[in-house]
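This report concerns only the one structure given below.
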Amino acid sequence: MTRFLLLTLLFAMSSTASAIVIRHDVDDSKYRIPTSEFPALVDMPGEGHGVLIAPQWAITAAHTLPAHAELKHVTINGVSRDVERVVVHSGYKTLPQELIDQATASGEAMLIVVVLASSDDIALIKLAQPVTDVAPATIYERSDEPGQIIKIIGKGATGTGDTGHDPRGPNRTELRRAFNKVTSAYDRWLCYVFDEPASALPLEGVLGNGDSGGPLLIQTNDQWSLAGLGSWKVVQGNVLTARPGRYGQVTCNVRLSHYIGWIESVMSGQPQTGADPSSTLKPQGGGI
């Protein structure tokens, strides 16, 4: 499926690598980190991420899954791990080709934003064997995300906020982390804005294309807990020419506190009462 340059962390045409878009006035070396800082990061094949949340389970944005192939393995802490099965939330929506064609012709993609915002962009990956060399991340279960400082981590496209990044990639490079502040959180999503230096955090940044499914972490006491997963962004202007990752853009992310019940039901094998919470069908692309 064609992917969109402004809208999602994996879209190539809209916005879908070094990684993390950074302030233009701060040296890139201050953003780079070793893999040991967050070994629970999952590398999806090609691009995109997930996070290990239990010895045999990882979580990701649904649109990071292969569009036309079975997910057979992921990489965690530099080791390839076989996948037993994938569970996609039943509320996940793929983009209609008609909308993609219209945006391609006109450069206007507001209805794509509407579809993305109404989708449950989340999937669980069951590994064939438990991971014993990496501690899983804990999930942030509280619903007080607005105003909280988040740490974001990824290997996707990089650039600086004054110019954004090249939507054509590359979408996987060096591991970076940055910080931001949650501006809004409701229902499925939590969002933040990439502020200009005058009002930005010292190491402010934003996820880039190829960082879909990557972690947003909130610190409680001495522990960073997983609050969200990179999903999609809104970029002003014509989707065919605008550059993602510029100052002022909004990035929206899967809000995990909203999905605690679904996650627990899938991992336990006990469906939520009165709901059909999941599907094993594979999605067909889409994302930051």
### strands (runs of 3 or more DSSP E) within the stretch 135-197 that include 2 or more residues β-branched (V, I, T) and touching a Phe, Trp or Tyr at 6+ places or on another chain (Cβ under 8 Å)
149-154, 176-186
### Task
Collect the residues in the stretch 49-73 that are open to solvent by 30 Å² or more (accessible area, probe 1.4 Å) and modelled with pLDDT of 95 or more, keeping them in residue-number order.
P55, Q56, K72, H73
#### Entry: Residues of the stretch 74-110 satisfying the condition of being open to solvent by 20 Å² or more (accessible area, probe 1.4 Å), within 30 Å of R243 (Cα to Cα) and touching a strand residue (DSSP E or B) at 6+ places or on another chain (Cβ under 8 Å)
T75, Y92
### Task
Considering every residue within the stretch 118-141, establish whether at least one is surrounded by 13 or more Cβ atoms within 10 Å (Cβ to Cβ) and either at pLDDT below 95 or at positive phi (or both).
no
### Query
Within the stretch 6-32, which residues are of a type outside the set (K, R), open to solvent by 20 Å² or more (accessible area, probe 1.4 Å), in a loop (DSSP other than H, G, I, E, B) and at pLDDT 95 or above?
H24, D25, V26, D27
### Query
How many of the residues in the stretch 207-223 are open to solvent by 10 Å² or more (accessible area, probe 1.4 Å) and closer than 16 Å to G147 by Cα?
2
### Message
Which of the strands (runs of 3 or more DSSP E) found entirely inside the stretch 208-275 contain at least 3 residues meeting this: farther than 17 Å from H63 by Cβ?
### Response
215-220, 223-234
### Task
Output the number of residues of the stretch 225-247 satisfying the condition of being under 11 Å from the mean Cα position of the chain (by Cα) and either over 22 Å from H49 (Cα atoms) or open to solvent by less than 10 Å² (accessible area, probe 1.4 Å) (or both).
5
### Query
Within the stretch 47-107, which strands (runs of 3 or more DSSP E) (wholly inside it) include 1 or more residues that are within 20 Å of G261 (Cα to Cα)?
49-54, 57-60, 79-89
### Task
Of the conditions (1) outside any loop (DSSP other than H, G, I, E, B); (2) open to solvent by 30 Å² or more (accessible area, probe 1.4 Å), V113 clears all except one; give me its number.
(2)
### Summary
If we keep only residues of the stretch 142-170 that are within 24 Å of V74 (Cα to Cα) and not charged (D, E, K, R), then the residue surrounded by the most Cβ atoms within 10 Å (Cβ to Cβ) is G154
### Query
So which pairs qualify, if the first residue must be in the stretch 258-274 and open to solvent by 50 Å² or more (accessible area, probe 1.4 Å), the second must be acidic (D, E) and modelled with pLDDT of 95 or more, the Cβ gap must be under 7 Å, and the two must be at least 6 apart or on different chains?
H258/D187
### Message
Condition first: open to solvent by 40 Å² or more (accessible area, probe 1.4 Å) and β-branched (V, I, T). Can you find one or more residues in the stretch 187-206 that meet it?
### Response
no
### Message
Any residue in the stretch 185-202 that is acidic (D, E) sitting within a Cβ distance under 9 Å of a residue that is surrounded by fewer than 20 Cβ atoms within 10 Å (Cβ to Cβ)? List the pairs, counting only those 6 or more apart or interchain.
### Response
D187/H258; D195/K181; D195/L201; D195/G248; E196/D162; E196/G248
### Query
Mind checking which pairs have a first residue in the stretch 36-63 that is farther than 19 Å from S268 by Cβ and a second that is open to solvent by 40 Å² or more (accessible area, probe 1.4 Å) and hydrophobic (A, V, I, L, M, F, W, C), Cβ under 7 Å, 6 or more apart or different chains?
A40/A135
### Query
Any idea which of (1) over 20 Å from the mean Cα position of the chain (by Cα); (2) surrounded by fewer than 18 Cβ atoms within 10 Å (Cβ to Cβ) is the one V250 doesn't satisfy?
(1)
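The values are calculated or read from the model by the stated rules, or taken from the named source; none is laboratory data. Here the structure is a predicted model, which means the values were calculated and not measured. Note that we place each Cβ from the backbone using ideal geometry, even for glycine, and neighbour counts take in every protein chain shown. Heavy atoms of the whole protein, side chains included, go into the accessibility calculation; ligands, DNA and RNA do not. Shrake-Rupley method; radii C 1.70, N 1.55, O 1.52, S 1.80 Å.
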